[in-house]
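The values are calculated or read from the model by the stated rules, or taken from the named source; none is laboratory data. Please read all numbers here as calculations on a predicted model, not as lab measurements. We place every Cβ from the backbone using ideal geometry, glycine too, and count neighbours over all the protein chains shown. Just the protein is used for accessible areas: all its heavy atoms, side chains included, with ligands, DNA and RNA removed. Shrake-Rupley method; radii C 1.70, N 1.55, O 1.52, S 1.80 Å.
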Amino acid sequence: MGKFLGVIFLFMCCVVPSLAKVYTVGDSSGWGLGVDYTTWASGTTLNVGDSLAFNYPSGHTVDEVSSSDYASCTTGNSITSDSSGATTIPLKTAGTHYFICGVMGHCGGGMKLAVTVAAAGGGGGSTTPSPDTTTPSTGTTTPTSGTTTPTTAHPSASVILSPFIPLLISGVVAIFSYFVTI
């Protein structure tokens, strides 16, 4: 009986889904001109381990940049840059992350996104700091620290399972089968 409970405990520990989520930037509109990314990001709690999926046609890029490069729409010092049309950025560190399209005129036309990422498990579900907002006329960034907005499930969020779950389930079934036949 003790072996059976051990197998059940092992199974329950292994079948817990990862809490990481993948957020599709701009939802069905994707990464392009004419999308309000400030509104898209508002009310969304991102945590370390989550990912942003950028889907876009040719003629655009996704550049992760510093706060000052975000404010000035400058790509010369990009942290990362991609133009594949399907860019997934894993959010590995807490803090504000800044993304722009590096094609001339696109960032100034609104293809820019600032997201605040909470430490893993730090989102908790109640509130999150609002992302920095940019004043369109001056291009200056004004932090809104101290304000909170209620968190809601973002329509583009999806829970992902660890790729090792099927392997672990197979192993647990094999171990269970072994102990049952003894």
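Worth pointing out:
- Leu33 meets each of the listed conditions (1) modelled with pLDDT under 95; (2) of a type in the set (A, V, I, L, M); (3) open to solvent by 50 Å² or more (accessible area, probe 1.4 Å) apart from (1).
- Positions within the range 83-101 being closer than 19 Å to Cys73 by Cβ and not aliphatic (A, V, I, L, M), in sequence order: Ser83, Thr87, Thr96, His97, Tyr98, Phe99, Cys101
- Hits in the range 85-100 (condition: of a type in the set (Ser, Thr, Tyr) and under 16 Å from Met111 (Cβ atoms)): Thr87, Tyr98
- Residues of the range 38-74 satisfying the condition of being assigned to a helix (DSSP H, G or I) and at pLDDT 95 or above: Ser67, Ser68, Asp69, Tyr70, Ala71, Ser72
- Filtered residues of the range 70-85 (kept if open to solvent by 20 Å² or more (accessible area, probe 1.4 Å) and within 21 Å of Val117 (Cβ to Cβ)): Ala71, Asn77, Ser78, Ile79, Thr80, Ser81, Asp82
- Any hit, the range 99-111, residues being within 22 Å of Gly49 (Cα to Cα), within 15 Å of the chain's Cα centre (by Cα) and at pLDDT 55 or above: yes
- Qualifying positions in the range 60-72 - closer than 11 Å to Met111 by Cβ and either in contact with a His (Cβ under 9 Å, 6 or more places away or on another chain) or not charged (D, E, K, R) (or both): His60, Thr61, Val62
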